[in-house]
Amino acid sequence: MTAPAFYDIEISPNRTLIGVKVEGNHRVFDYTEPPTGDQKEELFGLLRDREVYGYNNRGFDTYLLGMVQNGAGPDALHKFGQEIISSSSPSWKLAREQRISAPRLNEVDLMHFCPRGRLKAYEGRLGLEIRDLPFDPHADITEEILPTVDRYLRHDLDATEALHNRLLPEFDIRRQLEAKFGVSGLMQKTAARSAEAILLSEYLKIEATVELGYIRDTARRMQNVDFEFEVPEWIASACRGTPAEDLIKAISGTEFSVNNGGRPRPDREWPSHIEIDEGVSVKFGLGGLHSDDPETHFADIEGADFGSYYPHLFLRPGCMPGHLKPESLGDVYQTIIEDRLKAKAEGDKTTADALKLIINSTFGLTGDCFSSLYFPPSFLNITVGGQLLLIATAARAGQAATGDLCKF
């Protein structure tokens, strides 16, 4: 197997530095002018026909690399790089607007396998020295500071390679999912996008007459929509006789507006603090439930299991995307859950972990405006309904314990 390549880019108005590490060897390409054809061939000759790894490269470096491939000089790269950094729009959208294409390389973004954050956040955990950017990103890289920037770039290449080596088990999970479901390209996707690709692939095997374009277009239309929020009856029934019942009365009928895929906006203010028992209250909102007492927890409520809470709510009525058939999508999701439990019981940790990635990533897709599973009413039914059920459970636990509420 061809050795992987690791790369990173530093930009300034007068200079572009591209670092590449292959088989332990560092190369730093220094451009003060648009690269010549021979210079481009030398660079891309190192990157072709191998897996190319970076950190946040799919959101930044890859477009600069594409500009280099098309002959752009340092000033143009710096201007577009700063536009990416300062803009609220995703980099792919900015690139598309300016007709900037990523190069045809087999790129993998290590950030897709890690919680959001900078590479610096992982350097300490990897046993590496943490180094901050040694120059003003808006100023020129002079000959005087060039050696310092060169060392910094090589250090980041080492950090990228070290993180890659730590993540090898995660790569195995993606490759196993590709093989199991016949879906390619998961190495280039985030966990959520991998889950989406698999779910839709399996769904379309059942709903053979449905076109993927229809699903995507329908989800896209949900980026600008008004809807009335009503708590699903199965949740309302489960909350009767608890403080959650009064809360349902207060929030039912709320009109929500979604504009350009932003956060759903209610037409009224919701109660923010809910009294569950004497001296115990929780903060209630559109996202998650929080206790005023940080030491409280649900773990000690006898007979209650809150593991993968939101992912399992996804299967309940009103919680799946409304533009997909719940029976078919439910069958796909339930099968994945059952396959994971079987693999876990058989000690097949790789398969179990691979399927867990799908299960834990699915619920959030209903609230992701760039997902084909985007459906704000379902997202709210899960997050708000989930909170209501937790409040009801906590209240009943407190009643059963004669006021001694299990801490959560």
>> Checking the cross-link filter: which aspartates and glutamates have an alpha carbon closer than 12 Å to that of LYS325, excluding same-chain neighbours under 8 positions apart?
In response: GLU207
> Taking amide H positions as placed 1.01 Å from N in the peptide plane, with prolines and chain starts having none, which residues 5 or more places from GLU51, or on another chain, fall under 5 Å of its amide H?
Replying inline: ALA5
>> Between ASP49 and TRP234, what's the calculated FRET efficiency when r is the beta-carbon distance and R0 is 60 Å? Round to 0.05.
In response: 0.65
> What accessible area, in Å² to the nearest ten, does a 1.4 Å probe give for ARG221?
Replying inline: 140 Å²
> At a probe radius of 1.4 Å, what is the per-residue accessible area of TYR309, in Å² to the nearest 10?
Replying inline: 50 Å²
>> Distance cut-off 23 Å, Cα to Cα: go down the list LYS180/LYS342; LYS40/LYS189; LYS180/LYS205 and report the pairs above it.
In response: LYS40/LYS189
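With the full set of protein chains in place, find how many percent of the accessible area of the chain is carbon and sulfur; take the probe as 1.4 Å.
On the way: 9480 of 20020 Å².
Carbon with sulfur: 47 percent of the solvent-accessible area.
Hey, can you find the accessible area per residue of the chain for me, probe 1.4 Å, expressed in square angstrom? Before the final figure, lay out each step's value.
Numbers: 20020 Å² over 408 residues.
Ligands and nucleic acids excluded, the figure is 49 Å² per residue.
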> Using a 1.4 Å probe, how large is the accessible area of GLU255, given in Å² and rounded to the nearest 10?
Replying inline: 80 Å²
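Going from most exposed to least, what order do CYS114, CYS319 have by accessible area with a 1.4 Å probe? Walk me through the intermediate numbers first.
Numbers: CYS114 20, CYS319 0 Å².
Largest accessible area first, the list is CYS114, CYS319.
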> Between rounded, prolate and oblate, where does segment 4-152 land on the alpha carbon gyration tensor, with a ≥ b ≥ c its root eigenvalues, rounded for a/c under 1.5, else prolate if a/b exceeds b/c?
Replying inline: rounded
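Sorted by packing (mean other beta-carbon atoms within 10 Å per residue), highest first, where do 125-133, 67-75, 138-146 land?
Numbers: 125-133: 11.3, 67-75: 18.2, 138-146: 13.1.
Ranked from most to least packed, the peptides come out as 67-75, 138-146, 125-133.
When the chain is fully extended, how far beyond the present Cα-Cα distance does ILE145 get from LYS283, taking 0.36 nm per residue of separation?
Values: separation 138, 0.36 × 138 = 49.68 nm, distance 5.12 nm.
Here the answer is 44.6 nm.
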> Can you give the FRET efficiency for SER272 and ASP38, using 1/(1 + (r/R0)^6), R0 = 60 Å, r = Cβ-Cβ distance, to the nearest 0.05?
Replying inline: 0.40
> Around GLY367, what is the net charge, scoring Lys/Arg as +1 and Asp/Glu as -1 over all other residues with Cβ under 15 Å from its Cβ?
Replying inline: +2
>> Once each part is reduced to its C-alpha centroid, what is the distance from segment 318-386 to segment 81-158 in angstrom?
In response: 33 Å
>> For a test of the definition: using alpha carbon positions, the gyration tensor, and the 1.5 limit on a/c, classify the chain as rounded, prolate or oblate.
In response: prolate
> Going by the alpha-carbon gyration tensor, a ≥ b ≥ c the square roots of its eigenvalues, is segment 3-44 rounded (a/c under 1.5) or, if a/c is not under 1.5, prolate (a/b greater than b/c) versus oblate?
Replying inline: oblate
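The values are calculated or read from the model by the stated rules, or taken from the named source; none is laboratory data. For clarity, every value in this text was computed on a predicted model and none was experimentally measured. Don't worry about glycine lacking a Cβ; one is built from the backbone with ideal geometry, like all the others, and counts go over all protein chains shown. Each accessible area value is taken on the protein alone, full model and side chains, heavy atoms only, with ligands, DNA and RNA left out. Shrake-Rupley method; radii C 1.70, N 1.55, O 1.52, S 1.80 Å.
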